[in-house]
Structures are given as structure tokens and as C-alpha cells.
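Colleague: Provided herewith is a single structure, encoded as C-alpha cells, for subsequent inquiry.
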Amino acid sequence: MLTIDNLCAEVAGKPILKGLSLSIGAGEIHAIMGPNGAGKSTLAYVLGGRPGYEVTGGSAQFMGKDLLDLETHERAALGLFLGFQYPVEIPGVSNVQFLREALNAQRGARGEAPLSGGEFLKLAKEKAALLKMDMEMLKRQVNVGFSGGEKKRAEMVQMGILDPAFAVLDETDSGLDIDALRIVGDGINTIMRKPEKAVLLITHYQRLLDYVKPDFVHVLAAGRIVKTGGPELALQLEEEGYEAVAA
């Protein structure tokens, strides 16, 4: 589904990714762990097409297409979803309005008919229920006045509504308490753990992986993947730290 080969990228002229290679197949959940500054968020932003992150070498193929040659909205329409470590606020725009416009824009790009207001609200209620979120929350402005946990749950509702083929989740566990972590983890499993989908989880800690079991765990250090293993690698990292495991 996603094949990254020798990817190099820089931010403000500073090299961050320095020859990263990774292959993710349909039905797989991969976790990337690593110290601060290793390039984890840079990888997420490069895949999502965020401005300011310049690719200087390598390639990324997604769903049989050159991902790096696509505009951000084209990547989204193709089925890529990026979950942010710090979801932004959008004053003056309700979640319902934002999500309906986003979904219908993607459907239009794929040649599909837009959902009516009634069809969309039925879908939104279904996905909000998965994340134990009241529909009244979705009528509020996007993330305005939301707690950290509410922002992450709202983002998972967005993922459920857009129904992507591939999700890149950048530190989705950040700012979550124990109950919210379980709810978000269950939501990821329900929405994305399917044979035709795949997930790239970026995290510092083992705790999210207790709920979303990865097939592969990768250690990212100094812009490269330096070690790959199964779920047990995350436990080893938790016990021994990055330096000991990646040495």
C-alpha cells in the first residue's frame, strides 16, 4: 500500500530525514517510536504534504501512485489521513459543517455523489457513538474550547467519517487520560483494523500499543529507521530506552 524508499527531507534548510525506507502493506499496523528530534513528525508531515517540508531525495509510492507528486487534497482523496499531534482550532466553523464539506469534497474528487444533510448526520452520529462523543459536541466550533482528549476523539470521529485507506497518526495518545486512551484506541481498531486498510502509528510510549496492537515496531533515530521488530520491541524500548535498543 505504501512504499518509502531512501526518503530525504529538510525543514528550513536543515536535513531531518536522511534515507528513510519503509514498506506497509494492506491489513498492517506499523508503529514508529524514537527520541525527540528523530524525524517522526517530519515523516508524517511529508507524507501528508504539509508546506515547508521539502523532499530532497527518495520516493514514496501510495496506492500505486507517486505520493510526492500529488497535492495535499489529492493525497486525501486517494485515501490518506493525517492525524495531528496538536489538532488546530477553527473558530467560526462547526465540526458538522467542516466534516460534511471535507467528506463531500473527497467524494467529488473520486467521482462519487455528495451525501445529503440527512445522510451525513446519520453517518456522523454513528461514528461519534464509536468514540462516545455526543452529537452536541460536533455542533460546536472545530476544537474551540475542547480539552486535549476531546480534540483527539473529535479527530478520530473525523477519521471514521472520511473512512481513509491509510492513516498516519502522529502521537494520537498525547494528552489523553486513561479512559480517553482506551476510547481512542478502540476507535482506531474499529475504524482501521481491516484487511483493506493500514495504519502508521507514531508514538513515544508503549501505552497506546496496549490497545492498538502493531504488527511491526520501528525505531527511528537521526532520520533513519535503525531497528525493526514485533510488538515486543516496544516493550524493550519502554524498559531499556532508545539508546540501548538502537545501538
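Colleague: Would you work out the charge dipole size for segment 128-247 about its Cα centre, treating the Cβ of every Lys and Arg as +1 and the Cβ of every Asp and Glu as -1, and quote it to the nearest 20 debye?
Modeller: Numbers: 14 positive and 19 negative charges, 84 e Å.
Once rounded to the nearest 20, the dipole reads 400 debye.
Colleague: Okay, moving on. In whole angstrom, how far apart do the alpha carbon centroids of segment 111-151 and segment 55-88 sit?
Modeller: For segment 111-151 versus segment 55-88, the Cα centre distance is 24 Å.
Colleague: Now a separate question. Does segment 70-125 come out rounded, prolate or oblate, given a ≥ b ≥ c as the square roots of the eigenvalues of its C-alpha gyration tensor, rounded meaning a/c under 1.5 and, failing that, prolate meaning a/b above b/c? Each step should come with its number before you reach the end.
Modeller: Details: a/c = 2.02, a/b = 1.04, b/c = 1.95.
Judged from the Cα gyration tensor, segment 70-125 comes out oblate (a/c at least 1.5, b/c at or above a/b).
Colleague: Could I ask something else about it? Can you give the helix-only mean residue ellipticity at 222 nm for the chain, where every DSSP H stretch with n ≥ 4 adds -39500 (n - 2.57) and the sum goes over all residues, rounded to the nearest 500 deg cm²/dmol?
Modeller: -11500 deg cm²/dmol, from helical runs alone.
Colleague: Only sites in a loop by DSSP and with at most 11 other Cβ atoms within 10 Å count here; which GluC sites (Glu not before Pro) in segment 145-209 make the cut? Each step should come with its number before you reach the end.
Modeller: On the way: sites: GLU150, GLU155, GLU171, GLU196; in loops: GLU171, GLU196.
Listed in order of number, the matching sites are GLU196.
Colleague: To make sure I understand, if each residue's beta carbon is the centre and we count other beta carbons within 10 Å, what order do ASP177, ASP210 fall in, fewest to most? Please report the intermediate quantities before stating the final value.
Modeller: Values: ASP177 11, ASP210 14.
Starting with the residue having the fewest Cβ neighbours, the order is ASP177, ASP210.
Colleague: Next question. Test of understanding: given the chain, find the longest segment containing no trypsin sites (Lys or Arg not before Pro) that are in a DSSP loop and have at most 16 other Cβ atoms within 10 Å.
Modeller: 1-109
Colleague: For GLU101 and LYS213, what is the calculated FRET efficiency with R₀ set at 41 Å and r taken between the beta-carbons, to the nearest 0.05? Don't jump to the answer; show the numbers that get you there.
Modeller: Numbers: r = 34 Å, r/R0 = 0.83.
Efficiency at R0 = 41 Å is approximately 0.75.
Colleague: Follow-up. Between THR42, THR56, THR203, find the one with the highest GNM mean-square fluctuation for the chain; connect C-alpha pairs within less than 10 Å.
Modeller: For the chain, modelled as a Gaussian network with Cα springs under 10 Å, the answer is THR56.
Colleague: Additional query: Given +1 on the Cβ of Lys and Arg, -1 on the Cβ of Asp and Glu, and no further charges, what dipole in debye does the chain carry about its Cα centre, rounded to the nearest 20? Working shown, then result.
Modeller: Numbers: 26 positive and 32 negative charges, 93 e Å.
Here the size comes out at about 440 debye.
Colleague: Under the 0.36 nm per residue contour assumption, what length would be gained going from the current alpha-carbon distance of GLU196 and HIS73 to full extension?
Modeller: Values: separation 123, 0.36 × 123 = 44.28 nm, distance 2.13 nm.
Between GLU196 and HIS73, full extension yields an extra 42.2 nm.
Colleague: Starting from the Cα-Cα distance between THR228 and LYS132, subtract it from 0.36 nm times their residue separation and give me the gain in nm to one decimal.
Modeller: Extending this stretch completely gives an extra 31.1 nm.
Colleague: I've got another one for you. To check my understanding: the extent here is largest minus smallest coordinate of the Cα atoms along each principal axis. What are those three numbers for segment 134-202, in Å, largest first?
Modeller: On the principal axes, segment 134-202 reaches 35, 24, 17 Å in Cα extent.
Colleague: Considering only LEU115, GLY52, MET33, whose Cα is most displaced toward the positive end of the charge dipole of the chain, charges sitting on Cβ of Lys, Arg (+1) and Asp, Glu (-1)?
Modeller: In the chain, that residue is LEU115.
Colleague: How long, wide and thick is segment 2-246, going by the Cα atoms along their three principal axes, in whole angstroms, largest first?
Modeller: The Cα atoms of segment 2-246 stretch 53, 39, 35 Å along the principal axes, largest first.
Colleague: Helix 148-162 against the longest principal axis of the chain: what's the angle in degrees, Cα atoms only, rounded to the nearest 10?
Modeller: It works out to around 80 degrees.
Colleague: Report, in degrees rounded to the nearest 10, the 0 to 90 angle that the Cα long axis of helix 117-130 makes with the longest principal axis of the chain.
Modeller: That works out to roughly 50 degrees.
Colleague: Output the pairs from LYS18/LYS40; LYS40/LYS139; LYS125/LYS151; LYS125/LYS152; LYS18/LYS194 with a Cα-Cα distance over 21 Å in this structure; if there are none, say none.
Modeller: Details: LYS18/LYS40 12 Å; LYS40/LYS139 33 Å; LYS125/LYS151 17 Å; LYS125/LYS152 17 Å; LYS18/LYS194 32 Å.
Long pairs (Cα-Cα over 21 Å): LYS40/LYS139; LYS18/LYS194.
Colleague: Mind running the shape call on segment 171-241? Use the C-alpha gyration tensor, a ≥ b ≥ c as the square roots of the eigenvalues: rounded below 1.5 for a/c, prolate if a/b tops b/c, oblate otherwise. Could you put the intermediate results ahead of the total?
Modeller: Details: a/c = 1.93, a/b = 1.33, b/c = 1.45.
Oblate, because a/c is 1.5 or more while a/b does not exceed b/c.
Colleague: In a Gaussian network model over the chain where Cα atoms closer than 10 Å are linked, find which of GLU89, GLU74, GLU119 has the largest mean-square fluctuation.
Modeller: Highest fluctuation among the options: GLU119.
Computed from the coordinates by the stated procedures, all read-outs in this text should not be read as laboratory data. Everything numeric here is computed off the predicted structure, so don't read it as measured data. Cβ coordinates were reconstructed from backbone atoms using ideal geometry, including for glycine residues, and neighbour counts include every protein chain displayed.
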